[in-house]
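What follows draws every value from the coordinates through simple rules; no lab data is involved. Given the structure is predicted, the values throughout are model-derived calculations rather than measurements. Because the Cβ atoms are built from the backbone with ideal geometry, glycine has one as well, and the counts that use them run over all protein chains shown.
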Amino acid sequence: MRQTLTVISSYARIVHRVFTEAEFAEKEDAGKLLGWLVCAKRPLKWHEIQGAWSFNTDTQTFDYEERRLRTDSKELCGSLVEIHHGGVIGLVHLTAKQ
């Protein structure tokens, strides 16, 4: 139990740092990315994330060059995410979903 609390408090510190030290736009991007990773039923590849990011649901248009995410996932979310072989982006550990 103590180890779980330590892990959770570590994630809380990282989340606090990500959302207090970043610029407003990066905070929004980090929140959106973390939301997708937490809610995803399977691991997401970076190109899938970029594709979803490039789609405008209001106008139903896709523009990769103008709308793609230009900041690296590690830069946005710090050590909460890791990049696996094949471009898969995932949370560093399943306890991060809690």
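Checked against the criterion of being on the phi < 0 side of the Ramachandran plot, part of a helix (DSSP H, G or I) and among the hydroxyl-bearing types (Ser, Thr, Tyr), the stretch 45-64 contains one or more residues that satisfy it. Take the stretch 14-47 and flag every residue that is surrounded by 10 or more Cβ atoms within 10 Å (Cβ to Cβ) and of a type in the set (D, E, K, R). Result: Arg17, Glu21, Glu26, Lys27, Glu28, Asp29, Lys32, Lys45.
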